[in-house]
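Undergrad: Okay, here's the structure, questions in a sec.
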Amino acid sequence: MRRTYSIAILLIIGIIFVSGCSNKEESGNLYKAAMIMEGKIEDKPWNEKGYKGLLEIEKKLGVEIEVIEDVSTEAELSKAVSDLVDEGNNLIFGHSSKYGEAFYNLSQTYTDIHFVYFNGNYYRNNLTSMNFNSHGMGFFAGMIASSTTKTNEVGIIAAYQWQPEIEGFYEGVKYQNPQANVRMEFIYDWNDSEAAIDAYDRLKNHGVDVIYPAGDAISEDIIKRAGDDGIYAIGFVSDQINVEPETVLTSTVQHVDRLYVLAAEKFNEGDLNGEIMTFDFADDYITMGEFSKSVPKYFQQRLVDYIEKYKETGLLPNQY
């Protein structure tokens, strides 16, 4: 599905006679920006935040934007890119780590287009990978989970085993409370809510009383289910305390919308290099969300202090 948007640009044309002088404002490199995603814009929180970033590009840089939804296969991706190039887009975002290899191949065909995707290892001169270093956020989520559990059973539901926040979560749990047991479930899909609910039920049956749903479109469903069952949860990607204020202890927030704007501004200025770019707490592209009243004030401050030290030194509490 394709959605196209543009903002009205008011052109004020004036003829000013100045002796011996004439000025023309130079435009940047960005003509049109597009976003390709696997699901729908409305899928929370990952797709929704990516689209928010695209809207900010439209607003700040005054360019047309376009979105193509439901692009899953390589054939669909190739067609989407071909169509976008024909329509004048020269900055194309792939809102998924899955697009990395295909973008790498396509970037060699469309050498005048810059491709951007997230959390992958493919790059070349016109292909940029923007990565969240999510190990630290997982660590602090683990600290909160293990400080809150009454059963000494905490759980994480993740899409894939390679997600850095998983190891971080385990380390944070054990640093804060060595007696706590960490149970892990993997659903091998970012958006499969049905599989996530099944995983949640298995964790609940093992007595888990704090859960970290580390997946794109699954987190809100899991948080709501946890609220019904009196289980605490930690939000993912967005600040999700308003989903269930009595359930969400805090959230690990990834500001992917800001990365969209950063990439577009750099590209417009000719400064977006094909590389792997990494972002963390120190860059303020990862933050913690609002704390629940269920997290004691003293522990909130302790966590804030640890995060500040992490931002300064790059070291987590278990590393010093």
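Undergrad: Would you please name the residue that is least open to solvent (accessible area, probe 1.4 Å), looking only at residues in the stretch 290-320 that are of a type in the set (Lys, Arg) and part of a helix (DSSP H, G or I)? Don't jump to the end; show me each part of the working.
TA: Residues of the stretch 290-320 that are of a type in the set (Lys, Arg), as a first pass: 293, 297, 302, 309, 311.
Add one more test, that the residue is part of a helix (DSSP H, G or I), and what stays is 297, 302, 309, 311.
On the way: Lys297: 160, Arg302: 85, Lys309: 85, Lys311: 66 Å².
That would be Lys311.
Undergrad: Now for a separate question. Anything in the stretch 215-251 that is in a helix (DSSP H, G or I), in contact with a helix residue (DSSP H, G or I) (Cβ under 8 Å, 6 or more places away or on another chain) and farther than 23 Å from Ser97 by Cα? List them, or say none. Give the derivation first.
TA: The initial filter retains those residues of the stretch 215-251 that are in a helix (DSSP H, G or I), namely 219-229.
Now drop any that are not in contact with a helix residue (DSSP H, G or I) (Cβ under 8 Å, 6 or more places away or on another chain), which leaves 221-222, 225-226, 229.
Those that are in a helix (DSSP H, G or I), in contact with a helix residue (DSSP H, G or I) (Cβ under 8 Å, 6 or more places away or on another chain) and farther than 23 Å from Ser97 by Cα: Arg225, Ala226, Asp229.
Undergrad: Related question: Within the stretch 49-79, count every residue that is part of a helix (DSSP H, G or I) and either touching a residue at least 60 places away in the same chain (Cβ under 8 Å) or aromatic (Phe, Trp, Tyr) (or both).
TA: Going residue by residue through the stretch 49-79, those that are part of a helix (DSSP H, G or I) are 49-61, 74-79.
Applying the additional criterion that residues be either touching a residue at least 60 places away in the same chain (Cβ under 8 Å) or aromatic (Phe, Trp, Tyr) (or both) yields 49-54, 56-57, 60-61.
Looking only at that region, the number is 10.
Undergrad: Look at the stretch 268-289 and say how many of its residues are assigned to a helix (DSSP H, G or I) and either modelled with pLDDT under 95 or open to solvent by less than 30 Å² (accessible area, probe 1.4 Å) (or both).
TA: Count: 2.
Conditions (1) open to solvent by 10 Å² or more (accessible area, probe 1.4 Å); (2) modelled with pLDDT of 95 or more, marked per residue:
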site: Phe169; (1), (2): no, yes
site: Val173; (1), (2): no, yes
site: Gln176; (1), (2): yes, yes
site: Asn181; (1), (2): yes, yes
site: Asp192; (1), (2): yes, no
site: Asp198; (1), (2): yes, yes
site: Lys224; (1), (2): yes, yes
site: Ile231; (1), (2): yes, yes
site: Ile234; (1), (2): no, yes
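Undergrad: Of everything in the stretch 136-167, what is aromatic (Phe, Trp, Tyr) and either over 17 Å from the mean Cα position of the chain (by Cα) or crowded, with 17+ Cβ neighbours inside 10 Å (or both)? Give them in sequence order. Write out each step before concluding.
TA: Start the filter on the stretch 136-167 by keeping residues that are aromatic (Phe, Trp, Tyr), which leaves 139-140, 160, 162.
Of everything in the stretch 136-167, those that are aromatic (Phe, Trp, Tyr) and either over 17 Å from the mean Cα position of the chain (by Cα) or crowded, with 17+ Cβ neighbours inside 10 Å (or both) turn out to be Phe139, Phe140.
Undergrad: So which residues in the stretch 8-53 are at pLDDT 90 or above and more than 19 Å from Phe115 (Cα to Cα)?
TA: Lys40, Ile41, Glu48
Undergrad: Same structure again: Scan the stretch 80-97 for residues that are of a type in the set (A, V, I, L, M, F, W, C) and assigned to a helix (DSSP H, G or I) and jot them down.
TA: Step one: of the stretch 80-97, the residues of a type in the set (A, V, I, L, M, F, W, C) are 80-81, 84-85, 91-93.
Correct list: Ala80, Val81, Leu84, Val85.
Undergrad: Looking only at the stretch 117-140, filter to residues that are closer than 30 Å to Thr313 by Cβ, of a type in the set (A, V, I, L, M, F, W, C) and in contact with a Gly (Cβ under 8 Å, 6 or more places away or on another chain); which one of those is modelled with the lowest pLDDT?
TA: Once the filter is applied, the top-ranked residue is Phe118.
Undergrad: Applying the selection to the stretch 157-167, what residues are among the hydrophobic types (A, V, I, L, M, F, W, C) and modelled with pLDDT of 95 or more?
TA: Going through the stretch 157-167, the residues among the hydrophobic types (A, V, I, L, M, F, W, C) turn out to be 157-159, 162, 166.
Answer for the stretch 157-167, where residues must be among the hydrophobic types (A, V, I, L, M, F, W, C) and modelled with pLDDT of 95 or more: Ile157, Ala158, Ile166.
The values are calculated or read from the model by the stated rules, or taken from the named source; none is laboratory data. Everything quoted here is computed from the prediction, not taken from an experiment. Neighbour counts run over all protein chains shown; Cβ positions are idealised from the backbone, glycine included. The protein model used for the area step is the full one, side chains on, heavy atoms only, and it has no ligands, DNA or RNA in it. Shrake-Rupley method; radii C 1.70, N 1.55, O 1.52, S 1.80 Å.
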